[in-house]
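Notes for the one structure printed next.
Quick note: the coordinates plus some simple rules give every number you see, no bench work behind them. All values reported here derive from a predicted model rather than from experimental measurement. Cβ sites come from the backbone with ideal geometry, for glycine too, and all protein chains shown count toward neighbours.
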Amino acid sequence: MLNITGLNSFYYLRNFHDMRCKYDRVRSIIHRQLHREPEEGEVFIMMSKDRRLVRLYSYDRRCCSLHEKRFRPGYRFMKVEHDGDAPIYTIRWEDVAVLLGSPVVKTLRIR
């Protein structure tokens, strides 16, 4: 379970779609491609290309955590858009809550 106590900063990684990556690879990408050091209280959000899977990577002094939410076929997460072409965006907690809690229906099947 994701504990949001002490998490202050949320960042959406716009061009990170490789969901095979785990802890070390995610941290390496944050270091090498984004030139950042994950700090305590930061959460990095990544989404698969088909928008059915979202991962949240958080780091504190003692450990790092990787949380995942996946939708069944027929549902997906909202598309995140932002002005500009920066590889990382700051995102507010309210927007994270909407993103994680509001599935988008891809197909409406009427019987």
* **Rel. contact order, % - alpha carbon contacts under 8 angstrom, at least six apart, the chain** => 28 percent
* How big is Rg to Rh over the range 16-92, alpha-carbon atoms, Rh as the Kirkwood inverse-mean-distance radius? -> 0.96
* **Within the range 12-26, backbone nitrogen closer than 16 Å to the virtual label 7 Å beyond the Cα of ASP85 toward Cβ** => 14-16
* Using packing as a proxy for protection, rank 81-90, 50-59 so that the peptide with the highest average count of other Cβ atoms within 10 Å comes first. => 50-59, 81-90
* Between GLU37, GLU68, GLU94, find the one with the highest GNM mean-square fluctuation for the chain; connect C-alpha pairs within less than 10 Å. => GLU94
* Asked: R0 = 25 Å: FRET efficiency of ARG20 with ASP60, Cβ-based, nearest 0.05?
  -> 0.55
